[in-house]
Amino acid sequence: MRNFDLLIEDMEAVFSDAWGELTFIETVSFLDDPDASDLELLAIALDDEDAAQTNLVKLIIERAAAKSIRILLIAESLSPILLHQMLRAGADDFVPYPLPENALKDAIERLHKSAQTTASAQIAPTPSGRNGTVLAVQSLAGGAGATTFAVNLAWEMMQAQGKSGPSVCILDLDFQSGTVSTYLDLPRTEKVYEMLSQTSTLDRDAFFSALQRFQEKLHVLTAPSDMLPLDLLSPDEIERVIGIASDSFDVVIIDMPRTIVHWTETVLSAAEQYFAIMELDMRSAQNTLRLIRALKADGLSMDKFHFVLNRAPRFTDLGGRSRAKRMAESLGISFATLIPDGGAQVRDANDHGLPLGEFAAKNPAGKEIRKLAIALSQARGAAKIAAE
């Protein structure tokens with residue numbers, strides 16, 4: 001505790017003299033004592049010097065969690081990887097050190113609230129009746145243009161019906177190399193990681209506090225500021241994030257990592273359409289074939305998949321069109337959308353942090369995405385009318 005003098009003041013302010021200090025070794029012994037069951041909270045203070053004791057700290061967390069003791073991490077200069085491991089081991093929440101004003105008190109109140117909530121209530125967000133359309137986008141080869149497609153599709157869907165257009169949110173779930181923030185010139189903030197690490201108590205207020213707005217219209221959950229493991233969240237946690245997003249917006253577009261992860265199936269189940277972006281090259285063909293085999297091995301349906309050929313041959317390029325047709329036939333798929341090469345304007349729009357519709361409205365790639373957005377909006381409107 002000598003390294004956390006400010007924490008001592010906060011503990012005294014919250015608990016008065018009803019708290020005590022233990023070393024890691026002493027804590028292991030104490031948790032074997034019957035009196036440990038009366039513990040209200042175990043606050044574990046960690047800094048970068050504790051990295052060598054990771055296994056000991058994880059043991060403490062696991063033993064405390066087994067006794068249903070609430071666990072709060074107080075971390076200073078701790079790497080996101082280690083923090084992730086501690087949360088995975090069973091810690092309930094974390095706050096940074098030095099502690100912001102009232103942060104300890106607020107964290108303890110969140111833990112109390114979480115303890116009083118049943119497990120079923122934690123999984124399902126409070127419904128508001130929106131039941132938004134979920135669309136997922138994944139690249140089948142590096143540089144195929146999935147993020148460009150996702151960002152422009154989100155922007156065009158929001159514009160499809162003018163001022164009465166649907167509310168749209170983009171979720172950048174590529175925790176390692178997501179670039180939606182770059183394409184829209186938005187900063188990455190620590191609030192995203194804080195939200196993702198506290199999904200057990202996630203509500204609409206916490207979700208909206210992590211979102212940013214592009215031109216006060218398009219809502220964006222950027223990738224975290226640090227590169228994090230793709231298994232940061234479990235399938236249930238991903239399902240909760242998507243559930244709150246679709247409950248809050250008319251359209252939710254998910255920019256997926258290129259890697260297949262253990263929660264890909266969760267997104268596939270939640271999505272109405274899953275756009276797989278590829279190019280007319282051998283990389284895309286081989287990866288598509290491997291994806292199809294993996295899905296079939298797991299018994300998953302391909303019905304939701306819509307294969308998008310990016311940088312497709314133009315209508316006058318008969319040779320290119322013939323190659324695209326042969327490629328689709330050899331893979332046993334069909335291209336739902338052909339997006340022509342947008343040229344340097346696509347790159348420049350991304351560098352300027354603007355959708356194509358704002359930077360170069362007549363760009364052929366942007367036009368094709370706009371057509372798709374209008375078609376999706378019309379289908380969504382027809383489904384809504386049918387449901388009513």
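The values are calculated or read from the model by the stated rules, or taken from the named source; none is laboratory data. Note that the coordinates shown come from a computational prediction; the quantities given were computed from them, not determined experimentally. Methodologically, a virtual Cβ is constructed for each residue, glycine included, from the backbone with ideal geometry; neighbour enumeration extends over all protein chains shown. These area figures cover heavy atoms from the full protein model, side chains too; ligands, DNA and RNA do not enter into them. Shrake-Rupley method; radii C 1.70, N 1.55, O 1.52, S 1.80 Å.
Data for the structure
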read-out	value
Total charge dipole magnitude, region 1-114, about the Cα centre, Cβ charges on Lys, Arg, Asp, Glu only, Debye to nearest 20	580 debye
Prolate/oblate/rounded call for region 229-284, Cα gyration tensor, a/c under 1.5 rounded	oblate
Computed [θ] at 222 nm, helices only, for the chain once each DSSP H run of length n ≥ 4 contributes -39500 (n - 2.57)	-13500 deg cm²/dmol
Projected area averaged over orientations for the chain, convex hull of C-alpha atoms, nm²	22.2 nm²
Peptides ranked, highest mean first, by Cβ atoms within 10 Å: ranges 93-102, 326-335, 249-258	249-258, 93-102, 326-335
For Phe275, distant residues with modelled amide H under 5 Å away	Ala136, Val137, Gln138, His306
Using θ = phi - 60° and Karplus 6.51 cos²θ - 1.76 cosθ + 1.60, couplings along region 358-364 (whole Hz; Gly, Pro as x)	8, 8, 8, 4, 9, 4, x
Shape category assigned to region 304-381 from the gyration tensor of Cα positions, a/c cut at 1.5	oblate
Computed magnitude of the charge dipole of region 306-388 (debye, nearest 20; Cβ of K, R +1, Cβ of D, E -1)	260 debye
Residue-level accessible surface for Phe208, protein heavy atoms, 1.4 Å, Å²	70 Å²
Proximal lysines to Lys371, defined as alpha-carbon separation beneath 19 angstrom and excluding residues fewer than eight positions away on the same chain	Lys163, Lys362
Relative contact order %, the chain, counting alpha carbon pairs below 8 Å whose residues are six or more apart	17 percent
Accessible-area order (highest first, 1.4 angstrom probe) of the listed residues Tyr183, Tyr193	Tyr183, Tyr193
Trypsin sites (Lys or Arg not before Pro) restricted to DSSP loop in region 1-110 with at most 16 other C-beta within 10 Å	Arg2, Lys67
